[in-house]
Amino acid sequence: MQALAERAGGGAALRARALHEAAELAFIYARNLPLERLAEESLALYQELGEPVGIAHSLSRLGGIARIRSQFALAHAQLEEAAIRFQALGNRWRQGQCYTEWARAAIEEGQYEQARALLEESLLLYQELGDTQRLSWVRYLLARLLFVSQQDQALARQLAEQSLAHFRERGDTPYSVYPLGLLGLIHLEQGELVAARRLLEESLATGKQTGVETDAIELCLGLARLLAAQGDAAAAHRLYHEGLTLLFECHVYKEGVAASLEGLAALEAAQGVPRQAVWLWGAAHALREAIGAPMHPVSRASYEHALAHTRTQLGEQAFRAAWAQGRSMTPEQVLASPSTTRQPAQVRPESPAGAPPSKPVTPPAGLTAREVEVLRLLAQGWTDAQIAEHLVLSPRTVNRHTASLYSKLGVSSRAAATRYAIKHHVL
């Protein structure tokens, strides 16, 4: 990413544009790269130049980054300023985009009326512009808002179906993941488990193929909850941990981390491990307070029921002590407890011929465990497609891991990465 900026030479305008483009690419493909730094440098250069279009774009990108980092107040400020600037520039399409991003942040903060007003304003803008794709995206966001806030569930389903039909008609496969999964969650809430499972599994499979599995974490949690309800605790446990691993690696969606901890807690309570369940709930509660993301009403009833049952099991004094202990722990610490680290046996598909056996490696240069796996395989000469198949990832996700490890190692090619792997005994 930095190389893109460096190629712009000494021109401030070119460098600002290159930094903005680098931030865009990093946002799409590698969310654990220094997104903020790239966007902030771009904004600073555009401000020096007094370039209003560049300033608006940089603020919009910074607002989007703040949202996925769960920095909602910052997202509000940056997206609101960007929307005002785009309105002054007469760029109504970008103005609407700022409103939708702002609305997504407001939803996670539980500010449902503000979110609805922003989304309805976006609908008006895109209707006037005749942009049917953006209209379908905003309809999906409205459907999700109605669903999580438990307002009009019939309208939520109708809007999700309209959105899905449009994306499928256009062949917008990545976008179809969201309304498809939302329909699965709606069926799940209505107790229609067979239909819910079919929809959720299809949406998650499509998300993995198109590389949007991080953004679809809510669907992963829904499927985990469904599997637990069907008695497959091992598969549910695995899904929760896979989702958490992805969120930790990409440093995004802390509200998703909290929801994952809450799902695991309910699973632990049902498995007869109440103290660990309360630790998880306590840690999730502290995290929600820290980021300002209250639990959505759609999840509240089942949460309160499980909490009350566990409180009765443990007794008030033991419950309070475990809750306080959980609140004092980070998500990583509470997940390291003996109970929550139980791992069910996993069945991997057969590896391509000549696959190196898995072996523990001390991560160098701050690499995650997954990045070490990718580094070791690419150093063996595997293609991205082979790595994706072996690790059960999408090619786009492999690309994201590769870009991240290149950045951390300070290399820019497979050959350089391979030399690093050999020198540091990663193979």
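A cut-off of 5 Å between modelled amide H atoms, ignoring neighbours fewer than 5 places along the same chain, links SER70 with TYR253, LYS254.
Counting heavy atoms of the protein chains alone, TRP279 has an accessible area of about 40 Å² for a 1.4 Å probe.
Classify region 177-242: rounded, prolate or oblate, from the alpha-carbon gyration tensor (a ≥ b ≥ c, eigenvalue square roots; a/c under 1.5 rounded; otherwise prolate if a/b is larger than b/c)? Present the calculation step by step, with values, prior to reporting the outcome.
Values: a/c = 2.11, a/b = 1.16, b/c = 1.81.
Oblate is the answer for region 177-242, as a/c is 1.5 or above yet b/c matches or exceeds a/b.
Taking a ≥ b ≥ c as the square roots of the Cα gyration tensor eigenvalues, with a/c under 1.5 meaning rounded and otherwise prolate when a/b beats b/c, else oblate, which class fits region 89-163? Note, shape of region 89-163 comes out oblate. In the neighborhood of GLN87, defined by Cβ-to-Cβ distances under 12 Å, what is the net charge if each Lys or Arg adds +1 and each Asp or Glu adds -1? Around GLN87, the surrounding residues sum to 0. Available extension along the chain between SER302 and SER328 is 6.9 nm, counting 0.36 nm per residue and deducting the alpha carbon span.
Rolled with a 1.4 Å probe across the full set of protein chains, the surface gives ASP152 an accessible area near 70 Å². Once the Cα-Cα distance is subtracted from the 0.36 nm per residue extended length, the GLU169 to ALA88 segment shows a gain of 25.7 nm.
Can you tell me the length gained on complete extension of the stretch ALA195 to THR245, counting 0.36 nm per residue apart and subtracting the Cα distance?
Working: separation 50, 0.36 × 50 = 18.00 nm, distance 2.76 nm.
My answer for the length gained is 15.2 nm.
Taking other residues whose beta carbon is less than 12 angstrom from the beta carbon of LEU244, and scoring Lys, Arg as +1 and Asp, Glu as -1, yields -2. Note on LYS208: accessible area approximately 80 square angstrom, rounded to 10, probe 1.4 Å, nucleic acids and ligands left out. Size of region 198-306: Rg and Dmax of its alpha carbons, in Å, are 13.4, 39. Taking the three principal axes of the alpha carbon atoms in region 81-223, the coordinate ranges are 50, 30, 25 Å, sorted in descending order.
So if R0 is 41 Å, what FRET efficiency would LYS423 and ALA77 give, r being the distance between their Cβ atoms, rounded to the nearest 0.05?
Working: r = 45 Å, r/R0 = 1.11.
Computed FRET efficiency for LYS423 and ALA77 comes out at 0.35.
Shown is the FRET efficiency for SER413 and LEU155, computed with R0 = 41 Å from the Cβ-Cβ distance and rounded to the nearest 0.05: 0.20.
On the beta carbon distance between GLU48 and LEU124, with R0 = 35 Å, the FRET formula returns roughly 0.50. Across region 206-219, rounded Karplus estimates of 3J(HN,Hα) from the backbone phi angles (6.51 cos²θ - 1.76 cosθ + 1.60, θ = phi - 60°) give 5, x, 5, 5, 9, x, 10, 5, 5, 5, 9, 4, 4, 6 Hz, Gly and Pro being marked x. Looking at region 270-332, the accessible area is 51 square angstrom per residue; that uses a 1.4 Å probe and ignores ligands, DNA and RNA.
The values are calculated or read from the model by the stated rules, or taken from the named source; none is laboratory data. As the structure is a computational prediction, the values presented were derived from the model and not from experiment. All Cβ positions, even for glycine, are placed from backbone atoms using ideal geometry, and neighbour counts span all protein chains on display. These area figures cover heavy atoms from the full protein model, side chains too; ligands, DNA and RNA do not enter into them. Shrake-Rupley method; radii C 1.70, N 1.55, O 1.52, S 1.80 Å.
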